[in-house]
Structure formats: structure tokens, C-alpha cells
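Structure, as C-alpha cells:
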Amino acid sequence: MLPRSLIVTAGALALLAPGVVLAQAHGRQAEPGTGQPGAVRYQENTSTPAWSPDGKRIAFVRGKGRNSDIYVMNADGTHRRKITKSLSEDAFPSWSPDGKTIAFTHLTPEHTDIGAYEIYAIGVNGTGQRRLTHARMGIDGKNQRRLTHNPASDAFEAWSPDGNRIAFLSDRSGRTEVYVMRADGTDVRRLTRG
């Protein structure tokens, strides 16, 4: 399993453009005066900004606790809109080279207890969300089938310059290694060993 601390600490502070700053506050803060040790309240966080290939937009993560979504805004901070609507964690947006799709890491609901992450992609307009690792389904949302049969985490995706492949980290071999797959989630290959 990929360490959850990477999710919390990524993008601690990033200066994006003159006058535009996204910062991640501490994800958890002790609730004063509750009388219960370890009581926690979650603050809203903003993290992991990613520039679009043309430099006109920025994708970022915003959320509270274990519920975060991917947003897109203009590079000057205007026209912010949420493009994922998850009841779980969406993180680490990565733009396709043509600027039409964002790949991201998602904590799958069926694996919330063990923290397995999968890679999804979505159009920058918020449509066409699809899972790239673990399972596939038809365009109509039917005919879902498993591609892998393991509780591994797949995360930290990065597009190839031509947009045909996505590199990512996975612990499916028992160790965190670099893998690559086609942009549609097929032809997954491990590139590193040990």
C-alpha cells in the first residue's frame, strides 16, 4: 500500500503565478476543549496544483478529511469549478498533453478500509470519468470487468509527452515499483524491479 502520508504532505505550498497561491493547511487539527484525547476536526485543504500544457489553467485538489475533489481554474484564479464529485479522496491531477483529460488518483470506495488507490481519468469539463486501473467498463457504464485481482494501490500518474501512455507507481508486486500502461488502461507493464 502506498503511504497515506504522501497524500497529506504533497503540495505543502506552491506559488503558481504572480498573485495566485495555493496552500495546503494541516489536514488534521486537534479539536480544543473536547475532553477527548485525539479528537480531530478536518480543515478544508487545497493541494497538488498542476499546470495545463498550454499554461492557461491549473488543476488542483480541494477537500476536507477523506473527501477531496479535483478542481480546474484559469491561471489567474478565476472560473474555478469542481470536475470530480467523489465521496472519497481524489488527488494528484495530471493533465494529458492535449489538455483535454486529467488523470488522477482515487481512493476506491470498495477499498476504503485498506486504502487502495486506483487511477482514473476525466474530461476537463467534468464528463467521461473512467477508471484506468483495476476495472474497466463500457462507455454506457455497463460491462464492467476486472483487469487486476489484487488489493494493490496504483497512484502518482504521469502522462507521456505524446499522450499515449501513463506511468504510475503501484505496490501490486509487493514493493512500490514504476509501471506504465496505455492511456485506456490496457497493456500494464512493470518497468522497475527491486
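The values are calculated or read from the model by the stated rules, or taken from the named source; none is laboratory data. As the structure is a computational prediction, the values presented were derived from the model and not from experiment. Don't worry about glycine lacking a Cβ; one is built from the backbone with ideal geometry, like all the others, and counts go over all protein chains shown.
Residue-level check: of (1) polar (S, T, N, Q); (2) farther than 30 Å from G185 by Cα; (3) modelled with pLDDT under 90, T78 misses just (3). Would it be correct to say that P49 is under 28 Å from D171 (Cα atoms) and at pLDDT 50 or above? Considered against the rule, which asks whether it is under 28 Å from D171 (Cα atoms) and at pLDDT 50 or above, P49 comes out as yes.
Please determine, by comparing only the residues of the range 81-128 that are of a type in the set (D, E) and out of contact with any strand residue (DSSP E or B) (no Cβ under 7 Å at 6 or more places or on another chain), which one is modelled with the highest pLDDT.
If we take residues in the range 81-128 being of a type in the set (D, E) and out of contact with any strand residue (DSSP E or B) (no Cβ under 7 Å at 6 or more places or on another chain), then D98 is modelled with the highest pLDDT.
Just one of R146, R136, R165, R131 is modelled with pLDDT of 90 or more, surrounded by fewer than 21 Cβ atoms within 10 Å (Cβ to Cβ) and touching a strand residue (DSSP E or B) at 6+ places or on another chain (Cβ under 9 Å); which is it?
Of the residues listed, the single one that is modelled with pLDDT of 90 or more, surrounded by fewer than 21 Cβ atoms within 10 Å (Cβ to Cβ) and touching a strand residue (DSSP E or B) at 6+ places or on another chain (Cβ under 9 Å) is R165.
In the condition set (1) β-branched (V, I, T); (2) within 30 Å of G174 (Cα to Cα); (3) modelled with pLDDT of 80 or more, V8 is compliant with all but (3).
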